[in-house]
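The structure appears right after this line, and notes come after that.
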Amino acid sequence: MGSAGPPTDPAGPGHSAGPVGGAGPVGGASPADPAAPQYRSLVAELATLGRKAVAAGLVQGSGGNLSARPPGAELAVVTATGTWLDELSPAAFSLVRIADGIVVGGNPAPSVELPLHLECYRVRPDVNAVVHLHPQLSVLLTALGHPIRLVTTDHVYYVREVRVAPYRHSGTTELATGAAALLADGRCNCVILSHHGCSVVADSVELAHKRAVNLEEAALASYRALLLGDTGTVCPPEFRARLEGSGD
Ligand SMILES: [Zn+2]
C-alpha cells in the first residue's frame with residue numbers, strides 16, 4: 001500500500017472513474033459519491049431512462065439531462081454537462097446539494113440546466129426525479145400555438161395537465177424559476193419549455209419516464225388529429241373526473 005502500486009481508487013472527490021460501463025461501482029464509495037449505495041440504483045434507473053429516451057427519439061445528440069434523489073433527500077444525482085443520455089456511466093453523474101447547488105461528489109461539472117433541476121426539487125418536496133428532454137412534436141406543436149391534447153386514458157392518467165413556460169435562455173435562473181413556478185401548485189407535472197424541450201417531474205424515475213413518454217405520445221396524437229382536420233377531441237371528461245374523484 002505504501003508505494004506506487006496497482007490501480008487503486010484515485011483519492012479525492014474529483015476522481016476520474018473513466019468510461020466505466022453500467023457495472024463496476026467503486027467499492028467502499030464515500031457517501032458523497034454517486035456510486036454510494038443510496039444512489040447506485042437511481043443512477044442505474046436514470047441510465048436506463050436515458051437509453052430508452054434516445055431510442056424513442058425524445059432527445060437528440062447530447063441534449064437533455066436527468067436527475068433523481070432518494071425520497072426527500074438533500075442531495076440529488078444529476079447528469080454531467082455534455083453527456084449523451086444513451087451513454088450514461090456512473091462517472092457521468094454529479095452529486096449536488098439541492099439547497100445551494102454545490103457539487104459534493106462525482107463528476108465536477110453538472111449539466112448547465114442544473115438550476116432547472118434544483119428549482120423543481122425546491123418547489124416540490126414530493127418530487128424525486130426531474131427529466132428534461134427535447135421531445136420534438138411536443139415542442140413543435142407548442143411553438144405553433146397548438147395545445148397538446150390528452151386524447152387517451154393513458155394520456156390523462158400519466159400527464160394530467162400540460163403547462164407552457166415562455167422562452168428563456170438555456171441554463172438561466174429565469175428558465176428554472178419560470179418552469180418551477182408552473183409546477184408549484186402540485187397539479188401539473190409536465191411543463192413545455194417553449195422552443196426548447198420539456199421538464200417532467202414525478203416521485204420516482206419510473207413515473208417521470210412514463211409521463212415523458214405519454215407527453216410526447218399525446219403530442220403525436222394531437223398532431224395526427226390536426227392532420228385529420230380535428231381540432232378539439234380530448235379524452236372523455238368523465239374519465240378524469242373518475243380518476244380525480246377516486247383520489248388517484
Ligand atoms: Zn435542453
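The values are calculated or read from the model by the stated rules, or taken from the named source; none is laboratory data. Since the structure is predicted, the reported quantities are computational estimates derived from the model, not experimental observations. Here the Cβ positions follow ideal geometry from the backbone for every residue, glycine too, while neighbour counts run over all protein chains shown.
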Condition broken by Thr172, with the remaining ones in (1) surrounded by 15 or more Cβ atoms within 10 Å (Cβ to Cβ); (2) within 16 Å of the ligand (Cβ to nearest atom); (3) of a type outside the set (Gly, Ala, Ser) satisfied: (1)
Of all residues in the stretch 206-221, which are more than 16 Å from the ligand (Cβ to nearest atom) and surrounded by 24 or more Cβ atoms within 10 Å (Cβ to Cβ)? His209, Ala218, Ala219
Exactly one of Gly22, Gly27 is more than 27 Å from Pro135 (Cβ to Cβ) and either at pLDDT below 70 or surrounded by fewer than 18 Cβ atoms within 10 Å (Cβ to Cβ) (or both), and that residue is Gly27
Filter result for Ala165 (within 16 Å of the ligand (Cβ to nearest atom), aliphatic (A, V, I, L, M) and touching an Asp or Glu at 6+ places or on another chain (Cβ under 7 Å)): no
Listed by first then second residue, the pairs whose first member lies in the stretch 57-77 and is on the phi > 0 side of the Ramachandran plot, whose partner is away from the ligand (no atom under 13 Å from the Cβ) and outside any loop (DSSP other than H, G, I, E, B), with beta carbons under 8 Å and at least 6 positions apart or on separate chains, are Gly64/Gly50
Considering (1) in a strand (DSSP E or B); (2) within 12 Å of the chain's Cα centre (by Cα), say which one Leu95 fails and leave the rest. (2)
So, in the stretch 148-202, how many residues would count as being of a type in the set (Gly, Ala, Ser) and within 14 Å of the chain's Cα centre (by Cα)? 6
Go through (1) away from the ligand (no atom under 15 Å from the Cβ); (2) farther than 15 Å from Leu116 by Cα; (3) in contact with a helix residue (DSSP H, G or I) (Cβ under 9 Å, 6 or more places away or on another chain); (4) not small (Gly, Ala, Ser) and name the single condition Asn189 misses. (2)
Show me the helices (runs of 4 or more DSSP H) found entirely inside the stretch 144-248 where at least 1 residues are β-branched (Val, Ile, Thr). 153-159, 173-183, 205-227
Criterion (away from the ligand (no atom under 16 Å from the Cβ), farther than 30 Å from Arg242 by Cβ and exposed (fewer than 15 other Cβ atoms within 10 Å of the Cβ)) met by exactly one of Ala143, Ala181, Ala99: Ala99
Being assigned to a helix (DSSP H, G or I), touching a Leu at 6+ places or on another chain (Cβ under 8 Å) and either within 15 Å of the ligand (Cβ to nearest atom) or free of Cβ contacts under 8 Å to residues at least 40 places away in the same chain (or both) is the filter here; which residues of the stretch 102-138 pass it? Pro115, Leu116, Cys120, Ser138
Against the condition over 25 Å from Tyr167 (Cα atoms), in contact with a Pro (Cβ under 8 Å, 6 or more places away or on another chain) and away from the ligand (no atom under 16 Å from the Cβ), how does Asp230 come out, does it pass? no
